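Working notes for the structure below.
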Amino acid sequence: MARERRIAERLKAFNQGREPERLAMKYKAMNKDAFAFLRGSCHLFYEDWPKDSPLGATPAAWICGDLHLENFGSYKGDNRLVYFDINDFDESALAPATWDLARFLTSVWVAADTLELDAPQTQALCRVFLDAYTAELLAGKARWIERDTAKGMVRDLLKDLKNRSRQEFIAKRTEQGGKCLRIDGRHTLKADGESKDKVEALVARFAQTKENPGFFKVLDIARRIAGTGSLGLERYVALVDGNAGADGHYLLDLKCQPGACLRPYVPLPQPVWGNEAERVVALQARGQAIAPAFLAPVINGGEAYVLRELMPTADRLCLANWGGKLSRLEKVLDAMGKLAAWSHLRGSGRQGSAIADEWIGFAQRGDWRKPLLDYAHAYAIQAGKDWKEFTAACGRGEFGD
C-alpha cells in the first residue's frame, strides 16, 4: 500500500523547479517528524481528498487552505495594534468549509505524538475546536483576539510581546551598525546581484504608492529562510531605511506566490484574480480582523510577490509548554475554533461564499461532525505512514544528503 502511494515521486513532482538550497532545507525539516511532514506536504492532503465525500457538500467558504496548529500566530496590524489570528493565506480559495476543518483536525492528531497527548485527550481537543467553531457560526458575528480578550497561552504570548522592541529585533538581524543584513544560514542566505536588483525595483514600485517613498529606501537584501511548505520558492528580506533611521530601520518580507496547491482539486468556480499575490492579499485582508502592516501585492513581469513588514511581534505559540495541563491546550483550541469561524463569517456572501443563514443552518445541523472527526483521524494515521515512507526514501538518498 505504501509503495502505491508513491510519496517520494509526488513530492518531487510538486516541488520541481524550486531553488535547490532552500528545497534541501525543506526536505530536512519534513524529515524531523510527522507534523513537520504534514506542514510541508499540503498538496498531498488535497490530492487525497475523496471527490465523492459527503463532506464536500458543505457551505462554500473563503478558506485558509492550509489550516493547521502552527498557522495561527501574533502580528501587528496596519493600525499598529497586535492581534492573534490565522496568519497564512497562501493556499486560500473558495472551497467547502470542511476542507479547512479537516486539515486542522488532522494536524491535531498528527501533532499528538510530539505534544505527548493520548487518544482521549486528542479527541477532547478536537471537540473543543468544533464546539467553539459551531458556537461562533450560530452567533453569526465575527470578532477578534487581542491582548485584552485573549486567554491562557495566547494571552501569555501577547503579553510577552509588549517587551519586544523593533530596534532590538533589527539589531539581531543586522550587522555593521545596522546597515547590512546578518547572513546566518538560519534566517537568511546571500542574494546575488540580479536578485537584489529585482527586489530593489519591486520595493521602489511599492514605495511610489506611499506618501513617503523615502521610508522604503533599500539598504540591503538577502534570501529569506522561513516556513516549511514554501521553502524553495523565491523569498527575500529587505532592510529599508525607515524615517531616515530616526526610529530605526524596518524589515520587509517579499514572497513569490505561484498559486494555491489545492486549486486543481477545488470543485467551485474561482474569481479571476489579476495575479496570485492579489488573491492572497485580498483573501488575507478579508479573512483577518485587521490586515498586517504594509501587506500588498507587487509585480515583476509575470511574477507576483506578497510584500509585508517583518516585525518582532510576529510569533507562534509554543504548544509544547502546555505542561501536562490539558486546560491550557483547550483554551488554545477554543481560540483557534473561534478564529476559524470568524474568518469564514467575514467572507459571507462574497463572490459565491455562503451567507450567514447558511452558516447558522450548518452549525445547527451538526450531522457532519462525526464523519469529519473520523476522516481527520484516519487521514492522520495515513499521514504518519506517508512520513515513514518519506523518511525511508531520505535514508536511501532520494532527497539528497
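Computed from the coordinates by the stated procedures, all read-outs in this text should not be read as laboratory data. Keep in mind that what you see is a predicted model, and the values were worked out from it rather than measured. Positions of Cβ are generated from backbone atoms using ideal geometry, with glycine treated the same way; all protein chains shown enter the neighbour counts.
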Figure the gain on full extension for residue 79 and residue 24 (residue separation times 0.36 nm, minus the Cα-Cα span) and round it to one decimal in nm. 16.0 nm
Fewest first, what order do 265, 75 take by the number of other Cβ atoms within 10 Å? 265, 75
Show which lysines lie in cross-link reach of residue 196 when reach means a straight Cα distance below 24 angstrom and same-chain residues fewer than eight apart are skipped. 26, 172, 179, 210, 217, 255
Please determine, in degrees from 0 to 90 and to the nearest 10, the orientation of helix 20-30 with respect to the longest principal axis defined by the Cα atoms of the chain, where the helix direction is its Cα long axis. 40 degrees
If each residue's Cβ is checked for other Cβ atoms within 10 Å, how do 180, 261, 256 rank with the fewest at the top? 180, 256, 261
How tilted is helix 97-115 with respect to the longest principal axis of the chain? Cα atoms for both, answer in degrees (0 to 90, nearest 10). 80 degrees
Charge context of residue 30, other residues only, Cβ under 14 angstrom, K/R +1, D/E -1: +4
Relative contact order (%) - the chain, alpha-carbon pairs under 8 angstrom, separation at least six: 28 percent
Mind giving me the FRET efficiency for residue 51 and residue 141? R0 is 35 Å, r the Cβ-Cβ distance, nearest 0.05 is fine. 0.55
Which one of 123, 58, 347 is farthest out on the positive end of the charge dipole of the chain, using unit charges on Cβ (Lys, Arg +1; Asp, Glu -1) and the Cα centre as origin? 123
Count the DSSP beta bridges whose two residues both fall in the chain, then state the antiparallel fraction as a percent rounded to the nearest 5. 95 percent
Stretched fully, the stretch from residue 14 through residue 268 gains (0.36 nm per residue minus C-alpha distance, one decimal, in nm) 89.2 nm
With θ set to phi - 60°, apply the Karplus curve 6.51 cos²θ - 1.76 cosθ + 1.60 along the stretch 47-57 and write out the HN-Hα couplings as whole Hz, x wherever there is a Gly or Pro. 4, 8, 4, x, 5, 9, 5, x, 5, x, 8
Can you tell me the orientation of helix 369-395 relative to the chain, as the angle in degrees between its alpha-carbon axis and the longest Cα principal axis, to the nearest 10? 60 degrees
Sum of side-chain charges, residue 199 neighbourhood, beta-carbon under 12 Å (Lys, Arg +1; Asp, Glu -1): -1
If you average the sequence gap of Cα pairs under 8 Å that are 6 or more apart and divide by the length of the stretch 166-310, what percent do you get for the contact order? 20 percent
Could you give each residue of the stretch 292-303 its phi-based ³J(HN,Hα) in whole Hz, using Karplus coefficients 6.51, -1.76, 1.60 with θ = phi - 60°, and x for Gly or Pro? x, 4, 6, 4, 6, x, 10, 10, 10, x, x, 9
Take residue 171 and residue 6, extend 7 Å from each Cα along the Cα→Cβ direction, and tell me the distance between the two endpoints in nm. 5.5 nm
Based only on other Cβ atoms within 10 Å, what is the fewest-to-most ordering of 225, 145, 299? 299, 225, 145
Expected vector for the stretch 311-322, Karplus 3J(HN,Hα) from phi with 6.51, -1.76, 1.60 and θ = phi - 60°, integer Hz, x for Gly and Pro, equals 8, x, 7, 8, 7, 10, 6, 9, 5, 5, 7, 6
So for the pair residue 396, residue 365, with labels modelled 7 Å out along Cα→Cβ, what separation do we get in nm? 4.4 nm
How much length is gained if the chain between residue 382 and residue 184 is pulled fully straight, taking 0.36 nm per residue apart and subtracting their Cα-Cα distance, in nm to one decimal? 67.7 nm
Between residue 316 and residue 303, what is the spin-label point distance in nm, taking each point 7 Å from the Cα along the Cα→C-beta axis? 2.6 nm
Taking amide H atoms as placed 1.01 Å from N in the peptide plane, list the residues 5 or more away in sequence, or in a different chain, whose amide H sits under 5 Å from that of residue 145. 84
The stretch 265-401 - percent relative contact order, Cα under 8 Å, separation 6 or more: 16 percent
